[in-house]
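Input: a single structure, listed below in structure tokens.
Nothing in this text is a laboratory measurement; each read-out follows from the coordinates by a stated rule. Note that the coordinates shown come from a computational prediction; the quantities given were computed from them, not determined experimentally. With ideal geometry, Cβ positions are generated from the backbone for all residues, glycine too; neighbour counts draw on all protein chains shown.
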Amino acid sequence: MKLLVLGATGGTGLELVRQATERGHSVTALVRSPERLGSFRDRIAIKQGDLLNRAELEPVIKGHDAVLSGFGPRVPVSKAEAHLLEQFAVGLTGAMTRAGVRRVVVESVAFLFRNSILPPAYLLGRLFFPRTVADASAMERIFGESQLDWTMVRPPGLTEKPFTGRYRVREGRLPLFGFKISRADVADYMIKTVENASSIRKVVGVCN
Ligand SMILES: NC(=O)c1ccc[n+]([C@@H]2O[C@H](COP(=O)([O-])OP(=O)(O)OC[C@H]3O[C@@H](n4cnc5c(N)ncnc54)[C@H](OP(=O)(O)O)[C@@H]3O)[C@@H](O)[C@H]2O)c1
């Protein structure tokens, strides 16, 4: 498949790029710092640009089968970036609609699971990361209101542990005791859900 990866220089993004190329997909990355993808230079198409700018995004999206996003504000999140995910969603949904590309898999946050008791994800999010909860909620609402074929992947705490392929997935909830997952396993799930055209217009909880 022809895949566009956003947030490709981040922890999850690098795993998306690595695993998607290993699985034989043709990958494009739109990034602000191309040098961070140096080791992939010969294997993927690297475009430099501002992914928050709809006019820059649209021509890059054209011709792809799907978009995968590991984009998110760098932590600690500054006040200036309090609405970054919302801004991203407005730009991306508009650009994808105009470019005629419908499929998108977006990494969101498990803090949005109001129905999770163990861990009490929503409560923890509201207490310790209220800005992230508000911004990610706005992002998901914008995708939800679009006509796109989206999947929202909500992981709990991300780790740098290696790929295991042993993770749990549930639609509409965070699996019980879902405290952590490696970025490598999140990327694996995101690529497979694109390949299988599964969980379209669904919110999904993933954890090890
Ligand atoms: N940290 C956690 O435990 C956790 C848990 C659940 C969900 N999440 C969510 O999962 C997603 C991925 O997290 P991660 O830790 O793997 O990502 P990350 O390493 O923080 O990488 C973020 C990516 O977004 C890009 N980015 C950030 N601000 C940007 C801007 N203003 N303009 C253009 N690009 C920008 C970064 O580009 P640069 O390389 O150029 O900075 C990078 O490629 C995020 O949405 C995060 O909120 C995180």
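Miscellaneous remarks
Table: residues versus (1) loosely packed, with under 15 Cβ neighbours inside 10 Å; (2) under 20 Å from Thr12 (Cα atoms).
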| site | (1), (2) |
| --- | --- |
| Ala121 | no, no |
| Asp135 | no, yes |
| Ile142 | no, no |
| Leu148 | no, no |
| Thr164 | yes, yes |
| Leu174 | no, yes |
| Asp188 | no, yes |
| Ile191 | no, yes |
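- Of the strands (runs of 3 or more DSSP E) lying entirely inside region 13-122, those containing at least 2 residues that are more than 16 Å from Ile142 (Cβ to Cβ) and of a type in the set (A, V, I, L, M, F, W, C) are 26-31, 45-48, 66-69.
- Scanning region 14-27 for residues that are under 20 Å from Asn196 (Cα atoms) and surrounded by 20 or more Cβ atoms within 10 Å (Cβ to Cβ) yields Glu15, Leu16, Val17, Ala20, His25, Val27.
- Subset of region 119-169 [within 16 Å of Gly70 (Cβ to Cβ) and of a type in the set (A, V, I, L, M)]: Ala136, Met139, Met152, Val153, Leu158
- Filter result for Thr93 (touching a residue at least 24 places away in the same chain (Cβ under 8 Å), away from the ligand (no atom under 12 Å from the Cβ) and at negative phi): yes
- Flag for Val17 being in contact with a Phe, Trp or Tyr (Cβ under 9 Å, 6 or more places away or on another chain) and free of Cβ contacts under 8 Å to residues at least 40 places away in the same chain: yes
- Given (1) surrounded by fewer than 16 Cβ atoms within 10 Å (Cβ to Cβ); (2) within 16 Å of the ligand (Cβ to nearest atom), index of the condition Phe71 fails: (1)
- Of all the numbered requirements in (1) surrounded by 15 or more Cβ atoms within 10 Å (Cβ to Cβ); (2) farther than 24 Å from Val75 by Cβ; (3) among the basic types (Lys, Arg), Arg183 misses one, and that requirement is (2).
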